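Working notes for the structure below.
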There are 2 protein chains.
Amino acid sequence: MRMKISFIGAGNLATHLAIEFYSRGFEIIQIFSRNIANAKVLAQALNASYTDDLSQIYENADLYFVSVTDDSILQVIENLCFKPKFIVHTSGSISMEIFTKRFENYGVFYPLQTFSKMKKVEFENIPICLDANNLENLDYLTYLAKKISNSVFFIDSNQRKQIHLAGVFACNFVNHLWVIANEILEKQSIPFEIIKPLIQETFHKAFLLSPASVQTGPAMRNDEKVIQEHIKLLEHDKNSSDIYKILTKSIQTYKK
Amino acid sequence: MRMKISFIGAGNLATHLAIEFYSRGFEIIQIFSRNIANAKVLAQALNASYTDDLSQIYENADLYFVSVTDDSILQVIENLCFKPKFIVHTSGSISMEIFTKRFENYGVFYPLQTFSKMKKVEFENIPICLDANNLENLDYLTYLAKKISNSVFFIDSNQRKQIHLAGVFACNFVNHLWVIANEILEKQSIPFEIIKPLIQETFHKAFLLSPASVQTGPAMRNDEKVIQEHIKLLEHDKNSSDIYKILTKSIQTYKK
């Protein structure tokens, strides 16, 4: 008998995950979303039912993925009218313990990736961070995760929060620095593409060796003349100038 | 008759550039370096002469690349005992005007890339930023640059400085954020590799659309709960905590 999965949530992650499991032969029986249009679109792609009413969620799924915003997870759990056979959430920052008081079989299934609905992702290389309330359930999630990815990790709630924090530095903040770089280039009518090869090489080197060992730039070689010139170039932009100074200081501190 | 090129400098950039031109059929006649061992190693790979004495630099090259540290460029130029036929430097932050008083034919040949001696680079996709004191010389440099790269730009000294500044944000600072992310993961015994797919996807999205349009994360969605939790996780690391706060604030400011 095929395993039956339900999704609570129809956002970016829920959509990609549901489609991936469906394409691997799992049966998706129902999609819940407070936005009925979203639920319908996803459900139709999966030959599943859909609902926007928590009390109408089928009780016969083997596994429920709660994949809603962090703020809504608790509310969803509190308002479930039955005890699911097995329930997991997919969040990087929510502890697994939110399930403890209510349920018997639970865990976390956190794909460490950024998802946009319009952009297809290959799950094969996406790290899946798993946690569960006992070893048997962890084995079960491992079996599932390995159906879609070659990169499966057991990560407890504390570690998961630290990974999430590392992701904020390594991706969200990095992207913001690219926003600033792009802005500097745009003012000169220079396309952002011009620094793409430089970013790619920086990335390759960081993973070939380690980011600490490949740090370069004026801060790293204590080139005060260039640093002061850069700060002068930024004199009408206090925000970017402050970021320049704090990151320059941090690079110099790490170097010591 | 083959064009004759000399290199003043035998560092990372000089090494890669000299080897590239040599492999494209240009004649490298001499390598100068204050470090005679470096000059010798590079010269031997190119069937060239070498010297560590500025007064021994051959006067018959068609083009001289000055590829030394920013601090040394002026000193080298001031101590050249003859007027070279054509001279360029390869620096992102030094103005072309340092050549003006002394020479007749000069320019800038700035490959926008980070070079390490041990790692081969493909010049084909490296943006070459050119400048010259007149159009004829710019044409000449363009002809040369196109022999090694498909990505050739005319960039004046002011633009070049801004590109260099953008590169500091987009690469040096980005790499430093990866240092911090790696440190957070290492403390949990989690390999840095775990966030590689996430960084790759962030990079792909930023160039597919624009970094501003793909900004995500707790700061972007004003998720104060997660932000406060992250700041608490960093409470024993003032440096990282300060960086977290300033970049979070900046993302929120840009959003408005």
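The calculated FRET efficiency for the pair residue A:193 and residue B:102, based on their C-beta separation and a Förster distance of 30 Å, comes to about 0.25. Take each residue of peptide A:211-224, count the partner chain Cβ atoms within 10 Å of its Cβ, and average: the result is 5. With contacts taken as Cα pairs under 8 Å at a separation of at least 6 residues, the range A:4-155 carries a relative contact order of 19 percent. Above 17 angstrom, tally the Cα pairs of the range A:160-253 and express them as a % of all pairs, no decimals. Looking at the range A:160-253, the distances longer than 17 Å represent 62 percent of pairs. Its residue count N sets the reference 2.2 N^0.38 Å, and the alpha-carbon radius of gyration of the range A:4-155 equals 0.94 times that reference.
Taking the longest Cα principal axis of chain B as reference, the axis of helix B:36-45 is set at about 80 degrees. Across identical copies of the chain, residue B:242 has label-point separations of 1.3 nm, listed in ascending order, with the point defined 7 angstrom from Cα along Cα→Cβ. Less than 5 angstrom separates the built amide H of residue A:34 from none of the residues sequence-distant by 5 or more or on a different chain.
For the peptide A:104-116, the mean number of other protein chain Cβ atoms found within 10 angstrom of a residue's Cβ is 2.
Suppose R0 equals 30 Å. What FRET efficiency, 1/(1 + (r/R0)^6) with r the Cβ-Cβ distance, do residue A:59 and residue B:228 give to the nearest 0.05? Once rounded, the FRET efficiency stands at 0.25.
Each peptide among B:243-255, B:158-170, B:132-144 gets the average number of other Cβ atoms lying within 10 Å of its residues, and from highest to lowest they stand as B:158-170, B:243-255, B:132-144.
Across the copies of the chain, residue A:154 has label points (7 Å from Cα along Cα→Cβ) spaced 6.4 nm apart, shortest distance listed first.
Distant-in-sequence amide contacts of residue B:27, defined by a placed amide H-H separation under 5 Å and a gap of 5 or more residues or a different chain, comprise B:3, B:5.
Peptide A:238-247 shows a mean partner chain C-beta count of 4 within 10 Å per residue C-beta.
I'd like the orientation of helix B:224-233 relative to chain B: the angle between its Cα long axis and the longest Cα principal axis, in ° from 0 to 90, rounded to 10. That helix lies at roughly 70 degrees to the long axis. Across the protein assembly as shown the C-alpha pair distances fall into 10 Å bins from zero in the proportions 4, 17, 24, 19, 15, 10, 7, 3, 1 percent. Computed over the range A:1-79, the range of Cα coordinates on each principal axis works out to 31, 23, 18 Å, biggest value leading. Largest first, the extents of the alpha carbon coordinates of chain A on the three principal axes equal 69, 38, 31 Å. Give the angle, between 0 and 90 degrees and rounded to the nearest 10, that separates the Cα long axis of helix A:157-167 from the longest principal axis of the Cα atoms of chain A. Roughly 40 degrees, rounded to the nearest 10. Listed values for the range A:4-21 are Karplus-derived 3J(HN,Hα) couplings in whole Hz (6.51 cos²θ - 1.76 cosθ + 1.60, θ = phi - 60°), namely 9, 10, 10, 10, 9, x, 9, x, 4, 5, 4, 4, 5, 5, 5, 5, 5, 5, and x replaces Gly and Pro. Can you pull out the chymotrypsin sites (Phe, Trp or Tyr not before Pro) in the range A:52-139 that DSSP calls coil and that have at most 12 other Cβ atoms within 10 Å? Counting only loop positions with at most 12 other Cβ atoms within 10 Å, the chymotrypsin sites (Phe, Trp or Tyr not before Pro) in the range A:52-139 are A:82.
For chain B, what does -39500 (n - 2.57) per DSSP helix run (n ≥ 4), summed and divided by total residues, give at 222 nm, in deg cm²/dmol to the nearest 500? Result for chain B: -13500 deg cm²/dmol, rounded to the nearest 500. A simple rule links phi to the HN-Hα coupling: the Karplus curve 6.51 cos²θ - 1.76 cosθ + 1.60 with θ = phi - 60°, which for the range B:205-220 gives 5, 4, 8, 5, 10, 8, x, 4, 7, 10, 4, 10, x, x, 5, 5 Hz, with x for Gly and Pro. Remark on residue B:126: its backbone amide H falls under 5 Å from those of B:150, a criterion applied only to residues 5 or more positions apart or on other chains, H modelled at 1.01 Å from N. Take every pair of alpha-carbon atoms less than 8 Å apart whose residues are at least six positions apart; their mean separation over the length of the range B:125-211 yields a relative contact order of 21 percent.
A point 7 Å from Cα along Cα→Cβ stands in for residue A:1, and the other copies hold the same point at 9.0 nm, listed in rising order.
Modelled spin labels at residue A:37 and residue B:71, positioned 7 Å past Cα toward Cβ, are 6.2 nm from each other.
Look at the alpha carbon pairs under 8 Å that are at least 6 residues apart: their mean separation over the length of the range A:177-256 gives a relative contact order of 20 percent.
Computed about the Cα centre, the dipole magnitude for the protein assembly as shown is approximately 120 debye when only Lys and Arg (+1) and Asp and Glu (-1) carry charge, each at its Cβ. Applied to the range A:168-177, the Karplus parametrisation 6.51 cos²θ - 1.76 cosθ + 1.60 on θ = phi - 60° returns per-residue 3J(HN,Hα) values of 4, 5, 6, 10, 4, 5, 4, 4, 5, 5 Hz, with x for Gly and Pro.
Every read-out reported here was derived from the displayed coordinates using simple, explicitly stated rules and does not represent laboratory data. Keep in mind that this is a model prediction, so the values were computed, not measured. Cβ coordinates were reconstructed from backbone atoms using ideal geometry, including for glycine residues, and neighbour counts include every protein chain displayed.
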